[in-house]
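Below: the structure, in structure tokens.
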Amino acid sequence: MRSVFCVLSYSRTIKLRLSAHVEHGRLPRLHGLDDRHALRCFCTESSEPYYITTPIFYVNASPHIGHVYSAVTADCLHRYKLLKGCNSTFATGTDEHGLKIQQAAGNAGKEPLSFCTEVSERFRHVFQRCNISFTDYIRTTEPRHRQAVEHFWTVLQSKGFLYKGTYEGWYSTPDESFLTPDQVTDSTDSEGRPIKVSTESGHKVEWMKEDNYMFRLSVFRPELLRWLRSNPKAIQPVKFHNSVLQWLGDDIPDLSVSRQRSRLQWGIPVPGDPEQTVYVWLDALVNYLTVVGYPQPRSQLWSAAHHVVGKDILKFHAVYWPAFLMAAGLPPPRAVYVHSHWTVEGKKMSKSLGNVIDPLDAAEKFGVDGLRYFLLRQGVPDTDCDYYEDKVVKMCNSELADALGGLLNRCTAPSINPKQEYPRFGEAEFAGRAVSEDYRMMEAVAELPVLVEQHFENLHIYKALEAISACVRLTNGFVQRHAPWKLDRSDPGELKWLESILHVSFECLRVYGILLQPVVPGLAHQILSRLGVGPEERSWKFSAMRERPDRGRAGGRALGPDSGVLFGRLERRATKQKTPRKTS
Ligand code: MSP
């Protein structure tokens with residue numbers, strides 16, 4: 001709160017100075033306050049813990065761009081929190097137990113564990129390729145996880161929240177979910193035979209009747225409602241928060257939390273009852289605790305838990321999981337960030353339609369940062385998003401290759417910057433020739449870090465990117481307006497004006513480089529390295545525009561080496577990204 005207030009008053013100063021300039025024809029300082037103050041304002045640095053997770057992925061299918069979207073979203077938040085100085089832990093991994101996996105391994109003619117290992121490694125490889133900087137990769141077949149689940153189960157049991165009963169009702173194996181009669185509808189299978197399907201997922205359901213363990217979910221309804229009402233940001237975006245409140249408007253039935261061992265062998269046996277296997281969703285959800293070392297107390301980290309999940313698994317994360325935690329005497333997650341799904345050219349991604357997008361192919365075509373940028377720029381949490389190759393190409397070309405890459409290229413070109421320096425800002429020269437649009441552009445860039453921060457905090461990554469992209473356009477306009485390449489370097493007055501233009505443009509680029517690090521780490525690194533910004537100056541607190549980045553140095557600071565085109569233009573009907581080439 002304090003930091004936001006500081007930043008706001010800081011940008012207000014710019015506004016005041018801007019109006020002073022406009023009204024009285026005087027020069028505003030680029031910043032109303034000195035660097036030390038700016039630094040203090042942005043400095044929310046602390047080693048505050050932060051814990052972010054993706055869902056753990058079923059190993060019955062190969063990774064696709066929808067999975068990568070969950071992972072890139074969480075990765076972006078993790079990287080952002082690290083830049084803010086938080087002590088962030090980021091977990092992802094694979095969900096390997098349950099009937100669905102048992103059947104998939106059987107169909108593949110493989111022993112379940114080696115089947116799981118194979119697919120789990122595929123997920124790990126895809127995430128590493130996509131620059132997902134997880135700090136822990138959890139597999140539910142690991143011994144540490146089994147210990148956590150067994151302990152969690154015994155706690156629920158010792159507190160009286162489990163009882164033996166008979167479950168009779170619908171079960172969907174693809175969703176590993178129990179359904180009430182009103183969540184089921186009539187349909188037909190591929191051969192026209194009548195079947196029942198889940199209204200929500202469309203997956204086939206079967207009637208089952210089994211003796212197993214039940215969890216007293218029904219008693220947690222009031223506590224769940226209290227939690228959600230007193231934490232309006234617990235589930236984001238708000239439309240999903242409201243859906244959960246609506247579900248809890250009615251009574252909720254107790255939940256079956258085990259399956260008979262005779263039907264499901266591939267799972268963790270119920271402690272003390274080898275005839276039963278722990279329900280795969282209870283098993284899977286506990287992964288979030290396993291990562292923080294449960295049952296060892298690391299409460300600080302647990303109370304900072306944030307889950308990124310797709311809309312299809314909202315009920316498990318916003319009802320079952322908090323209820324399990326409450327029953328075990330642990331706090332519910334701090335926030336559940338929900339996102340919608342990706343379709344491909346307007347259709348649901350499915351193996352039978354043959355339209356599943358392989359993230360490795362996409363990363364090959366568009367570059368890892370091209371793919372990450374597209375997913376996060378185009379992906380909105382509230383509604384489903386459509387993946388279209390032409391759209392990826394257009395967006396990457398216009399925003400990364402032309403706007404951002406073009407700006408960097410123009411301003412660092414040896415023809416207008418032969419000394420390859422971060423030039424000094426000439427206050428008087430700038431004041432003499434700058435126009436009000438220039439100050440408006442600078443004001444927008446000065447306000448950008450706070451805006452981006454707010455959008456990241458609300459998981460509106462696309463809005464943060466929209467705002468950055470708008471500023472990049474303004475900076476390009478500024479450069480275009482003053483055409484520094486036309487200025488006469490041999491005239492000392494012109495030279496100082498040219499250097500001031502470059503200085504302001506570099507400052508903007510430096511800000512964009514810092515703010516873009518969570519989204520496109522490779523490109524951001526390239527921008528910052530080209531500008532000669534060292535690793536120690538890349539954290540969030542340096543995202544304020546500075547008037548004198550060269551303060552304390554003898555001359556203008558040196559630019560870094562030219563590593564070629566920032567983002568090579570992509571071809572329509574995207575073939576490979578062109579190999580970057582040297583510009584000089
Ligand atoms: N194993 C469970 C999660 C357990 S978490 C304790 C699961 N796995 S999943 O592999 O089916 O899905 C993992 C994530 O990928 C979910 O958040 C899901 O919403 C997301 N996606 C699956 N298909 C997707 C799209 N087409 N688009 C975006 N995300 C998608 O559920």
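The values are calculated or read from the model by the stated rules, or taken from the named source; none is laboratory data. It should be emphasised that the depicted structure is a prediction, and the values quoted were computed from it without experimental measurement. Don't worry about glycine lacking a Cβ; one is built from the backbone with ideal geometry, like all the others, and counts go over all protein chains shown. Side chains are part of the model used for accessible areas, which takes the heavy atoms of the whole protein and leaves out ligands, DNA and RNA. Shrake-Rupley method; radii C 1.70, N 1.55, O 1.52, S 1.80 Å.
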Original post:
Could you count how many residues in the range 249-281 are among the hydroxyl-bearing types (Ser, Thr, Tyr) and not in a strand (DSSP E or B)?
Top reply: 2
**OP:** Specify the residue that is surrounded by the most Cβ atoms within 10 Å (Cβ to Cβ); the eligible residues are those in the range 502-532 that are part of a loop (DSSP other than H, G, I, E, B) and touching a His at 6+ places or on another chain (Cβ under 9 Å).
**Re:** Pro518
Original post:
Residues Gly329, Gly370: which one is at pLDDT 95 or above and on the phi > 0 side of the Ramachandran plot?
Top reply: Gly329
Subject >> Options Val244, Val291, Val319: the member that is in the same structural domain as Tyr137 (by TED's automatic domain parsing), within 12 Å of the ligand (Cβ to nearest atom) and among the aliphatic types (A, V, I, L, M) >> reply: Val291
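Residue-by-condition table, conditions (1) under 16 Å from the mean Cα position of the chain (by Cα); (2) at pLDDT 95 or above; (3) surrounded by fewer than 23 Cβ atoms within 10 Å (Cβ to Cβ); (4) more than 16 Å from the ligand (Cβ to nearest atom):
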| site | (1), (2), (3), (4) |
| --- | --- |
| His24 | no, no, yes, yes |
| Phe42 | no, no, yes, yes |
| Tyr51 | yes, yes, no, no |
| Val72 | yes, yes, no, no |
| Leu82 | yes, yes, yes, yes |
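Conditions (1) in contact (Cβ under 8 Å) with a residue 40 or more places away in the chain; (2) more than 26 Å from the chain's Cα centre (by Cα), marked per residue:
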{"position": "Ala335", "(1), (2)": "yes, no"}
{"position": "Ser350", "(1), (2)": "no, no"}
{"position": "Ile357", "(1), (2)": "yes, no"}
{"position": "Asp369", "(1), (2)": "yes, no"}
{"position": "Ala413", "(1), (2)": "yes, yes"}
**OP:** Mind listing just one residue for me: the one in the range 303-316 that is open to solvent by 10 Å² or more (accessible area, probe 1.4 Å) and away from the ligand (no atom under 13 Å from the Cβ) and, of those, farthest from Glu48 (Cα to Cα)?
**Re:** His306
Subject >> Near pairs, Cβ below 6 angstrom, 6+ apart or cross-chain, from the range 53-67 (open to solvent by less than 40 Å² (accessible area, probe 1.4 Å)) to any residue that is acidic (Asp, Glu) and more than 8 Å from the ligand (Cβ to nearest atom) >> reply: Val59/Glu96
Original post:
Of the residues Gln300, Gln296, which single one is open to solvent by 30 Å² or more (accessible area, probe 1.4 Å), among the polar types (S, T, N, Q) and either near the ligand (Cβ under 9 Å from one of its atoms) or assigned to a helix (DSSP H, G or I) (or both)?
Top reply: Gln300
Original post:
For the range 425-446, which residues satisfy the criterion of being modelled with pLDDT of 95 or more and open to solvent by less than 60 Å² (accessible area, probe 1.4 Å)?
Top reply: Ala434, Val435, Ser436, Asp438, Tyr439, Met441, Met442, Glu443, Ala444, Val445, Ala446
**OP:** Scan the range 258-287 residue by residue and report those that are open to solvent by 10 Å² or more (accessible area, probe 1.4 Å) and of a type in the set (Gly, Ala, Ser).
**Re:** Ser262, Gly267, Gly272
Original post:
Considering the range 267-298 alone, what residues qualify as being among the polar types (S, T, N, Q), within 23 Å of Phe134 (Cβ to Cβ) and modelled with pLDDT of 95 or more?
Top reply: Asn287, Thr290
Original post:
In the range 490-501, how many residues are touching a residue at least 40 places away in the same chain (Cβ under 8 Å) and surrounded by fewer than 23 Cβ atoms within 10 Å (Cβ to Cβ)?
Top reply: 3
Original post:
Restricting attention to the range 322-368, which residues are part of a helix (DSSP H, G or I) and open to solvent by less than 20 Å² (accessible area, probe 1.4 Å)?
Top reply: Pro322, Ala323, Phe324, Leu325, Ala327, Pro359, Ala362, Ala363, Phe366
Original post:
Does the range 337-345 contain at least one residue that is closer than 26 Å to Cys396 by Cβ, of a type outside the set (A, V, I, L, M), within 14 Å of the ligand (Cβ to nearest atom) and out of contact with any helix residue (DSSP H, G or I) (no Cβ under 8 Å at 6 or more places or on another chain)?
Top reply: yes
**OP:** Answer yes or no: is there a residue in the range 362-377 that is within 15 Å of the ligand (Cβ to nearest atom), out of contact with any helix residue (DSSP H, G or I) (no Cβ under 6 Å at 6 or more places or on another chain), within 23 Å of Phe123 (Cα to Cα) and not aliphatic (A, V, I, L, M).
**Re:** no
